[in-house]
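Reviewing the structure listed below.
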Amino acid sequence: MAVVVDLKKCIVRGLLTALFLLAVTVFLSGLFAVPVEAAPGDELLLTILHTNDEHSAVIPHSPTVDYHPARENPTVGGFARLASAVRMIREEKESEGEPVLLLSAGDYMGGSPYSWLIPEGLAPELTIMQVIGYNAVTIGNHEYDYGPDILARYYKEAGYPDAHEKTMIIASNTVAPENHLLAEEGLYRESCLIELANGLKVGIFGLIGKQAISYTTANDPVTFIDQHETARKIVEDLRGRGAMIIIALTHSRVEEDRELARDVDGIDLIVGGHCHTALHEPILENDTIIVQAGSLLEYLGRVELAYDPASASVRLRNEENGRPYLHLLDYTYPLDQGIQDLIDHYTAELDILLAKKTGGLFSSVLDTVAFADFAISNQPPLQESPFGNFVTDAMRLVTAEKIGRRVDFAIQANGAIRGGVVPGSMPHSLGQISVYDLGELVGLGIGPDGAAGYSIVAAYMTGEEIRRALEVAALLSEMMGDTYFLQFSGLRYDYNPQNAVLLTVPFLDLPIPSTRAVIAAERYTGEGRQDMDDDQYVPIERGDEELYCLVTDSYIVSFLPMVGEMLPQLEIVLKDAQGNPVPEDELDRLTVKVNGDDLKVWATVLEYAAMQPVGDTGLPEIDPYYSSTAGRINPTRTVPLIVWPILILLVLIIGIIFLARRWKKRRWEKID
């Protein structure tokens, strides 16, 4: 019996000892715990959500008047829909233990009327993006639309540098001077390394591309360094810090992204922007995955990745999971109420600003301003367009009304016209055009007054200088593409695009302008919108020294004097109404003022729409004249100028050969 008791005591003691040792082990493992890493061969999963070129598209659009909260409608985008889509995917992935990152490739500013709040000291876009939960964003060219000083103020308003804890601003090849607020306050960072709950370490850096840099309108004193050299340095640094997956946020374009992937090894994923390309399938280049999600929040991009620790490789999982690379943000996504409440706050602020800037003519950005039963197109590229005619007529006629004298001509560039007018198509919105839908097409830039939108400038030029401006227009579009193609009001002209450049100097890639691309130019002498009646046109002759009033915007006018510096034969000297030349540093005094405020391009377009005759709808109805083009800009094909010197040279050569043969024949005749 004693033996049995002793045996029981031994068993109990053994169990107590084992329990004690187990407790100690658990305790010590808690003290010295390390992140759990996958065993070799076990993949680590990650989902990347991404957008780019949001362009202040805060609410559903295309067009906004079609939006209805309770009905199926064709509108796309909006931050409240985006928030719902992101939340759904996060909840799905959280239930599976998979981390999710949300990224933007830049140009979240600039475009819609909501961006007009930025110079007023508000930061609607980035504030909303922080609440939605973006992990990182980069800086695009349109972030500089209002200049680096206002950009810095925007970031401060959005809570930076502390807000990096929520949404990191990454700009790797951007260099702000040490004494500038952007650098001084650390408002952007070179790169970041994010360690996720599953043990993945993700390195992120951001680049602005070459073309995007060329499109910046006011980046001084901020400069930019080489994209590929920067990428090589950052990739090496991030790998050295333990990054398993490296992501580049590039505001470049697809072609530049492919070049980057070919030239710089080690980038696993490029989330691109700038060219507004919706890549429904990724591009694979040198083991790098390239994606892009269109623009204006039409799509939410989705990339499902798997990282293999054994091979340090990354692969796509979208197909095997049956997940699209792009989610169309349409009516099927409900509005996130928290985000919508925040949007409503900014809409109220915008309505106050709109009423102030238009003298009470418009009180809400969502109001209907006019009616049309046709679209007003800004296409095709590199040609006269119906909306280009509408915009320039608005600039010419509304400005004339404001200043109380005739305006002969108006100029606007295609780059400042962001699309065409699409009237409403739903029963509740049929044919309607809202303030928002019109304003977002012409609302870029900032004026000398520091307020959003390019200001209207009225200057005087001679007839000869108008012809030179037409030569400049032909040259710019031929050399630099559709962004620099100029639309006109108050004239019509014929030109040969092939004659804009006489020849290009080999090796230097230097174009030599002909200054003879324009074949004929005529001035419109009638009243109102530019008619097509031949009797209302008179020729603009070479050498015409009469003064004419021309209006354009504050951005274009800053370039006109530079033409003469580069091409003296095309010199344009801007003058006041008395014909006195205005120095370059005094061009601001040519800005048109209304009640002490700068007249904006967007305001003239809205007012011109409201000036259309009221029709049966009870609304101003856009003149059907703007349903098509009107023969203002007429490309023709004539014999290229380069042919004439070649023909003359050939004639000379033939003449020399003929004379040489005659001389030789006579010489032999004398010998005989």
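Miscellaneous remarks
- Checking each residue in the stretch 212-225 for being under 17 Å from Gly272 (Cα atoms) and either open to solvent by less than 50 Å² (accessible area, probe 1.4 Å) or of a type in the set (Asp, Glu) (or both) picks out Ala212, Ile213.
- Counting only strands (runs of 3 or more DSSP E) that fall entirely inside the stretch 258-319 and contain at least 3 residues that are touching a Ser or Thr at 6+ places or on another chain (Cβ under 8 Å), the qualifying elements are 269-272, 299-308.
- All conditions but one from (1) buried (at least 21 other Cβ atoms within 10 Å of the Cβ); (2) over 22 Å from Gly419 (Cβ atoms) apply to Ala293; the one that does not is (2).
- For the stretch 523-546, the set of residues classified as outside any loop (DSSP other than H, G, I, E, B) and crowded, with 17+ Cβ neighbours inside 10 Å consists of Arg523, Tyr524, Tyr537, listed by residue number.
- Checking each residue in the stretch 349-383 for being without any contact (Cβ under 8 Å) to a residue 40 or more places away in the chain and either open to solvent by less than 50 Å² (accessible area, probe 1.4 Å) or assigned to a loop (DSSP other than H, G, I, E, B) (or both) picks out Asp351, Ala355, Gly360, Ser363, Pro380.
- Residue within the stretch 196-207 that is crowded, with 18+ Cβ neighbours inside 10 Å, modelled with pLDDT of 95 or more and out of contact with any strand residue (DSSP E or B) (no Cβ under 8 Å at 6 or more places or on another chain) present: no
- Qualifying residue in the stretch 604-611 (condition: open to solvent by less than 20 Å² (accessible area, probe 1.4 Å), part of a loop (DSSP other than H, G, I, E, B) and modelled with pLDDT of 80 or more): no
Okay, residues lined up against (1) assigned to a strand (DSSP E or B); (2) in contact with a Cys (Cβ under 9 Å, 6 or more places away or on another chain); (3) open to solvent by 10 Å² or more (accessible area, probe 1.4 Å):
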site: Ile433; (1), (2), (3): yes, no, no
site: Leu438; (1), (2), (3): no, no, no
site: Val457; (1), (2), (3): yes, no, no
site: Arg468; (1), (2), (3): no, no, yes
site: Leu475; (1), (2), (3): no, no, yes
site: Gln487; (1), (2), (3): yes, no, no
site: Asp494; (1), (2), (3): yes, no, yes
site: Gln498; (1), (2), (3): no, no, yes
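- Residue ID - surrounded by the fewest Cβ atoms within 10 Å (Cβ to Cβ), chosen from residues in the stretch 135-186 that are among the β-branched types (Val, Ile, Thr) and not in a helix (DSSP H, G or I): Val175
- Scanning the stretch 395-417 for residues that are hydrophobic (A, V, I, L, M, F, W, C), within 19 Å of Gly111 (Cβ to Cβ) and in a helix (DSSP H, G or I) yields a total of 1.
- So Asp257, is it surrounded by fewer than 17 Cβ atoms within 10 Å (Cβ to Cβ) and among the charged types (D, E, K, R): no
- Taken together, the residues in the stretch 62-106 that are open to solvent by 10 Å² or more (accessible area, probe 1.4 Å) and among the basic types (Lys, Arg) amount to 3.
- Annotation note: of Asp588, Asp553, the sole residue that is within 29 Å of Tyr215 (Cα to Cα), charged (D, E, K, R) and open to solvent by 60 Å² or more (accessible area, probe 1.4 Å) is Asp588.
- Here Lys600 does not fit the description of being under 22 Å from Gly439 (Cβ atoms), surrounded by fewer than 18 Cβ atoms within 10 Å (Cβ to Cβ) and either within 30 Å of the chain's Cα centre (by Cα) or among the basic types (Lys, Arg) (or both).
- Pairing each residue of the stretch 388-408 that is crowded, with 22+ Cβ neighbours inside 10 Å with any residue that is small (Gly, Ala, Ser) and part of a helix (DSSP H, G or I), provided the two are 6+ apart or on different chains, yields C-beta distances under 7 Å for Val407/Ala400.
The values are calculated or read from the model by the stated rules, or taken from the named source; none is laboratory data. As the structure is a prediction and not an experimental result, all values here were calculated from the model. Cβ sites come from the backbone with ideal geometry, for glycine too, and all protein chains shown count toward neighbours. When the accessible area is computed, the model is the full protein with side chains, heavy atoms only, and any ligands, DNA or RNA have been set aside. Shrake-Rupley method; radii C 1.70, N 1.55, O 1.52, S 1.80 Å.
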